[in-house]
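Take a look at the structure below.
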Amino acid sequence: MARESMGDLIAFLAVAREKNFTRAAAKLGVSQSALSHTIKGLEERLGLRLLTRTTRSVAPTQAGERLLSNIGPHMEEIEAELAALGALRDKPVGTLRITTAEHAAKTVLWPRLARFLPLYPDIKVEVVLDAGLTDIVAERFDAGIRFGEQVAKDMIAVRIAPDIRMAVVGAPSYFKKFPAPKTLQELTEQSCINLRLPTYGGLYAWEFEKARREVKVRVDGQLVFNNLALILEAALAGLGLAYLPEDMVAEHIARKRLKHVLEDWCPPFAGYHLYYPSRRQTSPALALLVEALRYRG
């Protein structure tokens, strides 16, 4: 039977179950005359009468009863599955892949995921740590987390953290060996702890700004890490100056384990944003995560 006959079968089942053209037409949302025409066309194609019509009632013929018994349950299964798919469309379910840098994952993403995931057991989250500016579309990520100024203009960006500052810090034991730098130029004479970016393979140039003047400084020293926590440990051990997010070192500064230098070259800048492609439809799971991460300070 041609695919277009599926609608005719649905029409037949409605009439056979209701045993009334008026009620069946109302259920299907069509006129009684259109429904009668549909049933007549189906009977003509099959070469069989499916319904016995009288002025007072409608009843399936023997052929109609067979069709109702054999096709009816399958149609009910199809309708139930379609209904289940409709419910799935609105249910927060699925796997979300997120790319983010180490610091953002630890300070922003993880604390909120720890509260978010128990509320939605059908949502899975895969977090990939990457300091580079990953192409989330090409790499099939649902979203990424980066500083606001790093987010491409064609992405939807949602702030998830306040503005942030970087800090150049050293331990008291370090400053017993080296004078605290007062200018950016003096950083080249210091022993600094470098960060290697995993994606690009190169060493990160320390970024500074003052009076709208932006400066990048290539520093040198004995140590190179690709992990901020290890850079902090090395700085606390007096093995060099470190360039780290201020919130990572604030407590150590307060307890005088570290000293902040060149503060006037470290203004606040746009904090972390969650970003994702501009699409008409966002999955319910991603929409819930966006709201869970949104910064409301």
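The values are calculated or read from the model by the stated rules, or taken from the named source; none is laboratory data. Note that the structure is a prediction, hence the values are computed from the model and not measured. For neighbour counting, all protein chains shown are included, and Cβ atoms are generated from backbone atoms with ideal geometry for every residue, glycine included.
The table below lists the values:
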read-out: Arg45 modelled with pLDDT of 80 or more, touching a Leu at 6+ places or on another chain (Cβ under 9 Å) and part of a helix (DSSP H, G or I); value: no
read-out: Condition broken by Ala101, with the remaining ones in (1) over 23 Å from Glu207 (Cα atoms); (2) among the small types (Gly, Ala, Ser); (3) surrounded by 15 or more Cβ atoms within 10 Å (Cβ to Cβ) satisfied; value: (1)
read-out: Checklist (1) in a strand (DSSP E or B); (2) more than 23 Å from Pro172 (Cα to Cα) applied to Ala242, failing item; value: (2)
read-out: The range 232-245, subset under 14 Å from Trp206 (Cβ atoms) and not hydrophobic (A, V, I, L, M, F, W, C), residue surrounded by the most Cβ atoms within 10 Å (Cβ to Cβ); value: Tyr243
read-out: Filtered residues of the range 158-179 (kept if touching a helix residue (DSSP H, G or I) at 6+ places or on another chain (Cβ under 9 Å), closer than 18 Å to Gly240 by Cβ and part of a loop (DSSP other than H, G, I, E, B)); value: Ala171, Phe178, Pro179
read-out: Residue count, the range 127-157 (criterion: of a type in the set (Asp, Glu) and either assigned to a strand (DSSP E or B) or surrounded by 15 or more Cβ atoms within 10 Å (Cβ to Cβ) (or both)); value: 2
read-out: From the options Ala229, Ala237, residue that is over 32 Å from the mean Cα position of the chain (by Cα) and of a type in the set (A, V, I, L, M); value: Ala237
read-out: Condition broken by Thr188, with the remaining ones in (1) free of Cβ contacts under 8 Å to residues at least 12 places away in the same chain; (2) exposed (fewer than 14 other Cβ atoms within 10 Å of the Cβ); (3) more than 24 Å from Tyr272 (Cα to Cα) satisfied; value: (1)
read-out: Some residue of the range 127-135 being out of contact with any strand residue (DSSP E or B) (no Cβ under 7 Å at 6 or more places or on another chain), more than 14 Å from Tyr272 (Cβ to Cβ) and not assigned by TED's automatic domain parsing to the domain that holds Pro245; value: yes
read-out: Which listed residue, of Leu113, Leu109, Leu117, is assigned to a helix (DSSP H, G or I), loosely packed, with under 15 Cβ neighbours inside 10 Å, assigned by TED's automatic domain parsing to the domain that holds Ala285 and of a type in the set (A, V, I, L, M, F, W, C); value: Leu117
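Per-residue answers, yes or no, for (1) on the phi < 0 side of the Ramachandran plot; (2) part of a helix (DSSP H, G or I); (3) aliphatic (A, V, I, L, M):
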residue: Glu207; (1), (2), (3): yes, no, no
residue: Glu214; (1), (2), (3): yes, no, no
residue: Gln222; (1), (2), (3): yes, no, no
residue: Glu233; (1), (2), (3): yes, yes, no
residue: Arg257; (1), (2), (3): yes, no, no
residue: Pro267; (1), (2), (3): yes, no, no
residue: Tyr276; (1), (2), (3): yes, no, no
residue: Leu288; (1), (2), (3): yes, yes, yes
